[in-house]
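Values in this text are rule-based calculations from the coordinates and carry no lab data. Please read all numbers here as calculations on a predicted model, not as lab measurements. Glycine gets a Cβ as well: all are built from the backbone with ideal geometry, and neighbour counts include every protein chain shown.
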Amino acid sequence: MTDTDDRPRFVADSMLGSLARWLRMLGYDTTYGKHLDDDEIARLASTENRHILTRDKELANRPGATYVEHDDLDSQLRLVCGDHGLLFDEEAIRCSACNGDLADVAKDEVSEQVPEGALESNDKFWRCEACGKIYWRGSHWLGILERFKKLNLA
Ligand SMILES: [Zn+2]
């Protein structure tokens, strides 16, 4: 894990769940929740120093907010990563499900929790310190990495 204090952080509105998950996988702290209303998003932006990402024109008027007009994920990623100079940082990957920090975890600690195939073909595993989800670099991850490369983010 790297020190993430000086990296841009985000709060995404309820329309931008996919974008939020992909920003987390790129390594950027992104708060997102269907329960967040405009006031809560604005509060998080100011108290936690987060950039607002929104499809709501009114919310986009707030200082430092980005209006995300695109429907498709590639265009959304191009916009936000271009605006903020974001690049994939393997050391900073966050839990795509909950935005928690990932910590290295020993293979024998996860043997009960991951499929046998994943155990056989991987030596490195990570666990989300917030929700406990286990991660490894399987074929799914290679697809994600391909997308980062296609977008010139990796
Ligand atoms: Zn998590």
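Work out, step by step, the length gained on full extension between Asp74 and Glu116: first 0.36 nm times the residue separation, then minus their alpha carbon distance; give nm to one decimal. Contour length minus the Cα-Cα distance gives 11.8 nm. Both radii come from the Cα set of the range 78-154: Rg as radius of gyration, Rh as Kirkwood radius; their ratio Rg/Rh reads 1.02. Of the trypsin sites (Lys or Arg not before Pro) in the range 54-93, which ones lie in a loop per DSSP and count no more than 11 other C-beta atoms within 10 Å? Here the trypsin sites (Lys or Arg not before Pro) that fit, given the DSSP loop and packing criteria, are Lys57. Between Ala103 and Asp83, the modelled label-to-label distance comes to 3.4 nm, taking each label 7 Å out from Cα in the direction of the beta carbon. Each Lys and Arg Cβ is given +1 and each Asp and Glu Cβ -1; about its Cα centre, the range 1-146 then shows a dipole of about 220 debye.
Lysine pair count for the chain with Cα-Cα distance under 23 Å and sequence separation of 8 or more or different chains is 6. Loop-located GluC sites (Glu not before Pro) in the range 38-140 (DSSP state not H, G, I, E or B) with no more than 10 neighbouring Cβ atoms inside 10 Å: Glu58, Glu112. Of the residues Gly64, Ser46, Leu36, the one whose Cα sits farthest towards the positive end of the charge dipole of the range 31-75 is Ser46 (charges of +1 on Lys and Arg Cβ, -1 on Asp and Glu Cβ, taken about the Cα centre).
In plain terms, the residue of Cys128, Cys98 with the fewest other Cβ atoms within 10 Å comes first and the most crowded comes last, giving Cys98, Cys128.
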